[in-house]
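The values are calculated or read from the model by the stated rules, or taken from the named source; none is laboratory data. Bear in mind the structure is a predicted one, so any value in this text is a computation, not a measurement. Neighbour counts run over all protein chains shown; Cβ positions are idealised from the backbone, glycine included. Accessible surface areas use protein heavy atoms only, side chains included; no ligands, DNA or RNA. Shrake-Rupley method; radii C 1.70, N 1.55, O 1.52, S 1.80 Å.
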Amino acid sequence: MKKILFVASEGVPFIKTGGLADVVGSLPKYYDKRYFDTRVILPKYMCMKQQMKDLMHYKAHFYMDFMGQNEYVGVLEAVYDGTTYYFIDNEKFFNGNSAYSDNVVEEISKFVFFSKAALSILPVVDFRPDVIHCHDWQTGIIPVYLKERFAGGDFYRGIKSVMTIHNLKFQGVYDIKTVKRITGLDSSYFTPDKLGHYKDGNLLKGGLTYADAITTVSQTYAEEIKTTFFGEKLEGILNARANDLRGIVNGIDYDEYNPATDTYITNHYSAQNFRKEKIKNKRALQKQLGLVEDDKKMLIGVVSRLTGQKGFDLIEYMMDEMCQDDIQLVVLGTGEERYENMFRHFDWKYHGKVSANIYYSEELSHRIYASCDAFLMPSLFEPCGLSQLMALRYGTLPIVRETGGLRDTVQPYNEYEGTGTGFSFCNYNAHEMLATVRYAEKIYYNRKRDWNKIIDRAMAVDFSWKTSALKYQEMYDWLIG
Ligand code: ADP
Ligand code: GLC
């Protein structure tokens, strides 16, 4: 039996702010249980729902040296959907009403503590992984520690590590003096070929330098991040390690996101009967959100963190023009205030036509995926993107910009060949986006039979974890040898 350990800052159903949680919470389920024993370590945040905390059992506790202090490390355990989870408990580091804060030094301390504790609990819970699979900058110090302070003991010797980039934008960067103090690493680690990054220390760079393999979440993003625009100043190391870097596209949990069984939606449907049944969800949503109740209006959805990454500048620029058309727009998201206020403003200005829902809701997100005709995601960059996969699964046609995983997962409609699962445009340009939305409107309003055939194809593509889980397993096999 090969032992794999995921270490990450979020995972469904325990804690989620974005797609990372979906991946961490679903991928381990799809590994072949006959060959892989996969477990997950997450922080035990105080902000987790009580219902989730109730699933956890106390396992052990000890004290660990961290920044010269003796810090409490509690270990809790839960088995969820066949996967064993361990949670690191420490109320000083994991307090607050959300998983993350804006204070960079606090974040770096929190996740270096978490990473060190994750390694330290392994002998205590008696789990020696063959591979530790680290996700994003929060766990970037783990591959470094494995080759540094944990390298001496028999227990840790030979453990391989994988660093997966879900989003290169976030790296865990601060001045060298502070990062040195928090990590306890000596100066030799802060040269430009290791954690040194201009004048700073960079945790993700540490992971990328020391991990035995690097992955990211789509093939296109794996290529993009080797260039200056997408490389976020790490293209140097990514090019240097190009042979160890692979792109494996994300999947989604096909049990969780299934229009035939989804408990959040009002009317179930499938690839066989969506022509009659899907519309009932749209009626219910229009009613629920106070949109004009009209079957015929093309309803476009957005479910997203409201950040620059997602292309909201294009939407802002074109919103008035788009609203001259015969469409409705429903938005669900939270994030940067300027985008939150922008959508609130348009909700006020085009009441009955635009619905802005500035909060987080699992239920409403599923209803939007199920009810809309199209799903808009004009990202500036997108490592993979899961929302467009959810939209495809629910027969809601994605309108996307051809970048990262969006390019790899949405095949643009070709009316001459009768192929494609959605609509896409190439340049980060508001007029191109508008032209593509309008092209989709034209097909929707004038060629409904063709529209429905696109839905047939969208609902037939398979973005469950099946294929990608195999690729990760092959990588583990290769690493373990
Ligand atoms: P990212 O990880 O960059 O945020 P993804 O498309 O990979 O983008 O994943 C986003 C995930 O977060 C999806 O599961 C999406 O449904 C969910 N999501 C984003 N915003 C909200 C919200 N306000 N309410 C509910 N779910 C949300
Ligand atoms: C990140 C990316 C997103 C990706 C997700 C899961 O949050 O922004 O594109 O789908 O991670 O890998």
_Report the Rg/Rh value for the range 388-481, based on alpha-carbon coordinates and the Kirkwood definition of Rh._
1.10
_Using alpha carbons only, how many angstrom separate the centre of the range 27-61 from the centre of the range 111-185?_
18
*asked:* Quick check: net charge around R305, other residues with Cβ under 14 Å of its Cβ, Lys/Arg +1 and Asp/Glu -1?
replied: -2
_Karplus-derived HN-Hα couplings along the range 91-102 (A = 6.51, B = -1.76, C = 1.60, θ = phi - 60°), whole Hz, x at Gly and Pro_ = 6, 6, 7, 10, 8, x, 9, 8, 5, 10, 10, 8
*Considering only Cα-Cα distances, which of the following residue pairs are longer than 32 Å: K169/K276; K2/K310; K59/K233; K287/K442; K205/K466; K3/K453?*
K169/K276; K2/K310; K59/K233; K3/K453
_Given the whole protein assembly as supplied and a 1.4 Å probe, what does the accessible area of I159 come to in Å², nearest 10?_
20
*At a probe radius of 1.4 Å, what is the per-residue accessible area of M67, in Å² to the nearest 10?*
80
*Which order, highest average first, do 133-139, 333-339 follow once you tally other Cβ atoms within 10 Å for each residue and take the mean per peptide?*
133-139, 333-339
_With +1 on the Cβ of every Lys and Arg and -1 on the Cβ of every Asp and Glu, and nothing else charged, how large is the dipole of the chain about its Cα centre, in debye rounded to the nearest 20?_
500
_With a 1.4 Å probe and all protein chains left in place, how much accessible area per residue does the chain have, in Å²?_
41
*Would you be so kind as to identify which of A271, A356, G74 lies farthest towards the positive end of the dipole of the chain, taking Lys and Arg as +1 and Asp and Glu as -1 on Cβ and the Cα centre as origin?*
A271
_Rg ratio (alpha-carbon, reference 2.2 N^0.38 Å) - the chain_ = 1.00
*What angle, in degrees between 0 and 90 and rounded to the nearest 10, separates the Cα long axis of helix 337-349 from the longest principal axis of the Cα atoms of the chain?*
20
*Within the accessible area of the chain, what % is carbon and sulfur when the probe is 1.4 Å and the other protein chains stay in place?*
49
_Student exercise, the range 132-176 dipole from Lys, Arg, Asp, Glu Cβ charges, in Debye to nearest 20_ = 140
_7 Å from Cα along Cα→Cβ at both R338 and D32: what's the point-to-point distance in nm?_
5.0
*Which Rg and Dmax, in Å, describe the Cα atoms of the range 291-432?*
14.2, 43
*Based solely on its DSSP helices, what 222 nm [θ] is calculated for the chain when runs of n ≥ 4 H residues each add -39,500 (n - 2.57) and the sum is averaged over all residues, nearest 500 deg cm²/dmol?*
-11000 deg cm²/dmol
*On full extension of the chain, what length is gained from Y100 through Y72, given 0.36 nm per residue of separation minus the C-alpha to C-alpha distance?*
8.0 nm
